[in-house]
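Here the structure comes first, spelled out in structure tokens, and everything after it is commentary.
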Amino acid sequence: MTQAVFFDVDFTLIYPGPTLQGEGYEFFCARRGVTVDPAMFRAAVAKAAPVLDEVKAHNYDAQVFIDYTRTIIEQMGGRGPATELAATDIYEEWAACHHFFLYDDAEPVLRALAAAGLRIGLISNTQRPLDEFASHFALDGLISASVSSAQFGYLKPHPSIFEAALASIGVPAGESVMVGDSVTHDIEGARQIGMRAVLLRRAGAGLTSPLQRSLGAGYEDVPVIASLSELPALLLANPESRTPLAAPESDTSGPGGGGNPESRPS
Ligand SMILES: [Mg+2]
């Protein structure tokens with residue numbers, strides 16, 4: 001039976017506000033004497049994605065994220081050695097909870113799952129201190145454990161970060177579920193140690209094609225949801241069951257599908 005649900009944080013529970021999007025990049029770059037075009041932000045994020053996707057090492061390295069941010073700045077037209085300084089400034093701002101907003105569906109779902117007796121954990125690849133997360137977003141008492149890559153030392157999908165989260169709650173992998181927006185980091189990371197997984201593809205996240213409710217062959221047991229609001233029915237409908245989660249029926253009428261246009265993929 002499901003005893004614990006672990007959540008990815010960025011783009012699953014929270015999203016960055018304007019400070020960490022085009023106009024924020026313009027502001028932080030201007031402070032360093034770098035000129036960028038904020039209108040190019042979304043395209044720049046897409047072009048910079050390989051900087052993170054091609055990293056094979058799973059140890060946390062701040063420079064990787066600074067390189068990624070600098071690439072976004074360069075794709076927005078920024079030039080010169082000060083781009084590194086601006087990228088470092090923005091990377092450091094990424095650690096502050098006050099730049100982020102909680103998705104509307106997050107709090108009611110966390111409360112519903114906790115009220116049903118499930119333990120809730122956070123597993124994040126960012127450097128943001130997660131001990132501030134619950135109090136900042138008024139979720140006190142709901143989060144039983146959290147593991148942040150910068151503090152732990154390894155990134156998702158390294159198995160050790162999932163194992164550390166499970167150990168801190170004291171729940172076996174087979175009785176836990178990971179919910180996140182990254183197939184590589186959240187879904188594959190969790191499944192490799194025997195956790196079940198649910199992929200979140202948020203409607204309205206700049207997704208243009210119909211929502212794909214299946215990840216295809218080999219992922220039949222990974223439900224794809226468009227909102228966290230789908231979780232209680234998915235996880236609590238048959239709480240005594242130890243069988244894998246069933247994927248919802250294919251639904252091509254949904255509002256979105258495809259990649260995440262925002263900065264940071266996980
Ligand atoms: Mg994420």
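The values are calculated or read from the model by the stated rules, or taken from the named source; none is laboratory data. Keep in mind that this is a model prediction, so the values were computed, not measured. Here the Cβ is made from the backbone with ideal geometry for all residues, glycine too, and neighbour counts use every protein chain on show.
ILE73 falls short on exactly one of the conditions (1) in contact with a helix residue (DSSP H, G or I) (Cβ under 9 Å, 6 or more places away or on another chain); (2) closer than 29 Å to ALA197 by Cα; (3) at pLDDT 95 or above, and that condition is (2). Looking only at the stretch 205-223, decide whether some residue is at pLDDT 90 or above, more than 15 Å from the ligand (Cβ to nearest atom), in contact with a strand residue (DSSP E or B) (Cβ under 6 Å, 6 or more places away or on another chain) and in a strand (DSSP E or B). Among the residues of the stretch 205-223, not one is at pLDDT 90 or above, more than 15 Å from the ligand (Cβ to nearest atom), in contact with a strand residue (DSSP E or B) (Cβ under 6 Å, 6 or more places away or on another chain) and in a strand (DSSP E or B), which makes the answer no. Screening the candidates VAL51, VAL9, VAL34, VAL55 for the property of being outside the structural domain of ALA167 (by TED's automatic domain parsing) and within 16 Å of the ligand (Cβ to nearest atom) yields one hit, VAL55. Within the stretch 27-60, the set of residues being surrounded by fewer than 14 Cβ atoms within 10 Å (Cβ to Cβ) and of a type in the set (Asp, Glu) comprises ASP53, GLU54. Only one of the numbered conditions (1) aromatic (Phe, Trp, Tyr); (2) within 15 Å of the ligand (Cβ to nearest atom); (3) modelled with pLDDT under 95 is not met by PHE162, and that is (3).
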